[in-house]
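Each remark here refers to the structure printed beneath this line.
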Amino acid sequence: MAIDLHVHSNASDGAKTPRGLVAEAARMGLLAISITDHDTVAGQAAGQAAGVEFGVQVIPGIEISADIRQAEAHILGYYIDYASDELQALTHRLIQGRVRRGRQMFDLLRDHAIKLDWDEVIKGASPEGFIGRGHLFRLMIAKGYVPEDKSREMFLKYFAKDGLAYVEHFYITPAEAIRAIRQAGGVPVLAHPGRMNDDGAIYGLVKEGIMGIEVFYPSHTPQQEAHYLAMARQLGLIATGGTDYHGHVGDRGVSMGGCSPPEEVLGQLWEAATKVRAGKPRQPSAH
Ligand code: AMP
Ligand code: MN
Ligand code: MN
Ligand code: MN
């Protein structure tokens, strides 16, 4: 049976509620999913309840955004204790940082003649106040700033790392994200390494305590998949996978479960979480 360890709900920048995602997973016959919202655990309790309701295994998760060198490092966390005070406090701080960052990107857009209304940005944010590039971009589309056939090009022009309105995720580093996930009893995993495309940076993150890498990912080429699978084996990392499903109408991308890792990854993640909790995490290998 297929599993999907990377999907987003409307607690961050996905279109669907956590319950809606789990219902969809059940319809599609998936064994397990993890709702890995960016920088928030606000959807986790609802995801757990829906897992019981629909008979789908729902693994507590998160995806923390940080920046590294010329790229971004997104750190997934699995089997986190999402109710822990520390994680609640951290995610609260991250959301506050995102509102400040959102305002900075909003100001940069205005400098480049894209005049949005801040109240509308806030209204379009998730119920918990999460603001991401996707929210700003969707408002730009709604206001007619983005020609239909230029969507990807326009996103990159404004919001790629070297884009006109890009602001870094300045409020947390990858190392802090890894530490926070482990402190919450979770297993830190590097998301979509192919998008970072920097093996040296991966070795650095392994030293910081990363325990897995997301080998199976829709935009990875077969060559990248083979490369990261070999790297996972060599470094003793868990090879995870997922679709990064956001559920918006018009999202290209694969459907939920369309990029599944082997089922045994569930047991590997659980075992790793048990080790983290026992205070005996896998030793990061020497590189
Ligand atoms: P942020 O979390 O604010 O750094 O924004 C990153 C998010 O922007 C990603 O997780 C996607 O949801 C969204 N995103 C990335 N690329 C695109 C794109 N080409 N078009 C629309 N949204 C995108
Ligand atoms: Mn997103
Ligand atoms: Mn990501
Ligand atoms: Mn994601």
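List of remarks:
- 2 or more residues away from ligand 4 (no atom under 16 Å from the Cβ) and at negative phi: qualifying helices (runs of 4 or more DSSP H) within the stretch 93-206: 118-124, 133-142, 151-159, 174-183
- Members of the stretch 6-34 found to be within 12 Å of ligand 1 (Cβ to nearest atom) and aliphatic (A, V, I, L, M), listed by number: Val7, Ala15
- Any chance Leu87 is among the aliphatic types (A, V, I, L, M) and in a loop (DSSP other than H, G, I, E, B): no
- The stretch 231-250 - residue that is within 16 Å of ligand 1 (Cβ to nearest atom) and in contact (Cβ under 8 Å) with a residue 12 or more places away in the chain and, of those, surrounded by the fewest Cβ atoms within 10 Å (Cβ to Cβ): Val249
- Search result, residues across the stretch 207-261 that are part of a loop (DSSP other than H, G, I, E, B), within 16 Å of ligand 3 (Cβ to nearest atom) and over 23 Å from Ala15 (Cα atoms): Ile210, His220
- Among the residues of the stretch 208-230, those identified as closer than 19 Å to Glu72 by Cβ and either surrounded by 14 or more Cβ atoms within 10 Å (Cβ to Cβ) or in contact with a helix residue (DSSP H, G or I) (Cβ under 6 Å, 6 or more places away or on another chain) (or both) are Glu208, Gly209, Ile210, Gly212, Ile213, Glu214, Val215, Tyr217, Pro218, His220, Gln224, Tyr228.
- Restricting the stretch 175-203 to residues that are free of Cβ contacts under 8 Å to residues at least 60 places away in the same chain and of a type outside the set (A, V, I, L, M), the residue that is nearest to Leu87 (Cα to Cα): Arg179
- Residue in the stretch 153-170 that is touching a helix residue (DSSP H, G or I) at 6+ places or on another chain (Cβ under 6 Å) and hydroxyl-bearing (Ser, Thr, Tyr) present: yes
- Checking each residue in the stretch 254-274 for being touching an Asp or Glu at 6+ places or on another chain (Cβ under 7 Å) and over 17 Å from Leu190 (Cα atoms) picks out Met256, Gly257.
Read the figures in this text as sums done on the coordinates, not as results from a lab. Everything quoted here is computed from the prediction, not taken from an experiment. Ideal geometry is used to build each Cβ from the backbone, glycine not excepted, and the neighbour counts take in all protein chains shown.
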